Each structure stands twice: as C-alpha cells, then as structure tokens.
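What follows draws every value from the coordinates through simple rules; no lab data is involved. For clarity, every value in this text was computed on a predicted model and none was experimentally measured. No Cβ is skipped: glycine too gets one built from the backbone with ideal geometry, and neighbour counts run over all protein chains shown.
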Amino acid sequence: MGEVLSQNEIDNLLAALSTGELDAEQMQENNEKQVKDYDFSRPTKFSKEHLRTLEMIFEHYGRLISTNLTVYLRKNVQVTVASSETVTFSEFTNALANPVILGIINFAPLNGTILIDLATNLGYAMLDRMLGGTGVPLEKSREFSEIEMSIIQKILVMFTQQLRDPWKTVIDIAPVMQRLETNPQFAQVISPNDMIAIVTLNMKIGDVEGFMNICLPFFTLEDVMDKLNTRFWFSTMQENHDENYEMYIESLIRKVDIPIRAVLGRSTISVSDFMNLQVGDCIRLDSKVDEDMNVYVGNIKKFTALPGAEKDSYAVRITSVIREEE
C-alpha cells in the first residue's frame, strides 16, 4: 500500500503542476517498473520443501563423510546437518574469509557447478593429523603451501566422490572436482544476484569443530527442482528397494573383519612365578586335554571346539554352535 499524502502535500503538488515545475508525464515514466515474466511452475528460489529435501540428502552425505574421513584421519569424525537457507551468491561470497578452502565441483550431467566451503580450522586439523600430528589446528590462519594444498585437494576429491550415492534417488550424477581455490574472488562461478541454497554441515574431528557449507546454485539444480520434494524422494526410495538389497547388505557384512579367539584354559599364578618363567616351563590350566574349549567371536562365546594341528599350524575343530537362547 502506497503512502497517504496529507492535505498540505496535495496542495503543494497541485501548485507545482500548475506552475510547470513538475511534468506529469515525466513522473509517470519514472514510476514505471520493469515487469519480468515469472514461471510459477519453476520458481526462481528454493521453497521450504526443497530445503527439507536437501537436508535429507546431505544427512545421508554426512554419514558417508563420517565413515570415510575416519579412515583417512584415524580419528573419530562426526558430521551432522546444522541448517539450510537460501541467499544470493554475493551474500555467500561476501561472508567468506581469506584464505578459504573452496572446492569447485562440476555437477555433471547437470549444468553448472556447486561449491564446498570447508572451514580453515578443519583444514589445518586434517593436515596436522595426516602429517603425523594429533589433529590440532593453527592458532592463526595463514596461506596454504603447495604440499598442503595437494593433501587438501585429495580430501575434497573424496568428498566429491561421496556425493554420488546420496543424490542417486534424485539423479545419477558424476561429479568431478575441477579446482581448489583459497581466494573467494576467483570463485565467481555464477552471477552475484543468482539464488543459491546453502546446506551447512557441522563437522567435529576429535575436539576440533567447524562448519562445511555446500553451495547449490538454482541454475545448477533447475532441471531437477521438480524432484526435490519429500514425496518424490520417499516414493523413489521405495521403488528402488528390491529383494537383492538384503543380499547386498549380507555380502557387505561378510567382508567385515572380526576378532576370533580360542581359549585353551585359564590359570592363576603368582607374580614371582610369572617373572621367572622360562622356556619349557609348564603351566597347569583349569581344563583337560579332551575337553571342548570355548571360541569367542569378539566378546561373545559362539562355538566350542577341540584343539589340534593342520600341517605346521595350530588349529581347532568346531564341535558345536552356541545359540543366543543358550
């Protein structure tokens, strides 16, 4: 609703028009606004439904990053979705620090790119850990060396590869890491006024905590915006569920390494006897030679077996399986 003029303002306006100080046609031209076509079927911004779907996609992505980054760093890593919002690209780039860890990723087969912004304290912690340290970040930010850039780029390539599976429900993508930038001025991949969705992940590496932002331009996701809704997402997940899924999970479980130990028996001796043990000494156990021994899978007693030998190696022969109800 426009402003309401007072009687004095109306009188002054009429007086200016009558004396020729103001031109009515010129005022009309100045008040005209440019009209842009708006396609309601393809909105130029992200709705709350789109953001909710993106959060679910990147919750899956966060779990994959947690698993794979733990292998790289040999340290506990936790990744969760902190928030999601839609802003202009200029607002995103203006908030970036310098130096910054910014990965530019080609989101093929979709047109355009996406950006991964990793907090510098997380980058320093990863570098310290992978170079033999405990994973402590620097107190003050500095420029990255070429060797450090090479290590960070390998980590971001792994981040890029993990994008395939979470997006499979929406579209099969083949993302490729194009380049790594530390200056935000060299990451102007779209127009400053274009709308983007930002999904913020909270990453915790040991005691070090920071954010990783995923920048998703509307231009890049425009072709799949219709699929970015929870109803399509859950229906597609249900369609993709088949009988082979359980077999696939079973095959993965079979590849997991677990410790197995066979206990011959137990005994109690004094510390002095233990300190004076020599080669050839005998220790009396609480079990007999012809008795079954217990075999543990992890810390669970799972089998009974008899001791023996196979060629030049010691071995056991399973005699029974202990069920859970037993």
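Once phi is turned into ³J(HN,Hα) by the Karplus curve 6.51 cos²θ - 1.76 cosθ + 1.60 with θ = phi - 60°, what whole-Hz value does each residue of the stretch 274-281 show in order, with x for glycine and proline?
3J(HN,Hα) across the stretch 274-281, in whole Hz: 5, 5, 9, 4, 10, 4, x, 5.
Using a Förster distance of 51 angstrom, determine the FRET efficiency expected from the C-beta separation of Ile300 and Lys227, and round it to 0.05.
0.70
Pull up all non-local amide H partners of Ser83: gap of 5 or more, or a different chain, and H-to-H distance under 5 Å with H placed in the peptide plane.
Thr200
What ranking, highest mean first, results for peptides 147-154, 112-119, 257-264 when packing means the other Cβ atoms within 10 Å averaged over each residue?
By packing density, highest mean first, the sequence is 112-119, 147-154, 257-264.
Across the stretch 218-227, in residue order, what do the Karplus-derived ³J(HN,Hα) couplings come to in whole Hz, using 6.51 cos²θ - 1.76 cosθ + 1.60 with θ = phi - 60° and x for Gly and Pro?
4, 4, 6, 8, 4, 6, 10, 4, 5, 8
Using 18 Å as the Cα-Cα cut-off, could you pick out the over-long pairs in Lys75/Lys204; Lys48/Lys204; Lys204/Lys255?
Lys48/Lys204; Lys204/Lys255
Inverting the mean 1/r over all pairs of different Cα atoms, compute the Kirkwood radius of the stretch 260-321 and quote it in Å.
13.4
Ser18 to Val87: FRET efficiency via 1/(1 + (r/R0)^6), r the Cβ-Cβ distance, R0 45 Å, to the nearest 0.05?
FRET efficiency, Ser18 to Val87: 0.40.
Please sort 167-177, 100-110 by packing, taking for each peptide the average over its residues of neighbouring beta carbons within 10 angstrom, highest first.
Top of the packing list down: 100-110, 167-177.
Under the Karplus relation 6.51 cos²θ - 1.76 cosθ + 1.60, θ = phi - 60°, what is the ordered set of whole-Hz ³J(HN,Hα) values for the stretch 45-50, x standing for Gly and Pro?
Working through the residues one at a time gives 9, 8, 7, 4, 5, 4 Hz.
Provide the packing ranking of 78-89, 306-317, i.e. peptides ordered by the mean count of other C-beta atoms within 10 Å per residue, highest first.
78-89, 306-317
What net charge do the residues around Leu110 carry, taking every other residue with its C-beta under 9 Å from that of Leu110, with Lys and Arg at +1 and Asp and Glu at -1?
Residues close to Leu110 contribute a combined charge of -2.
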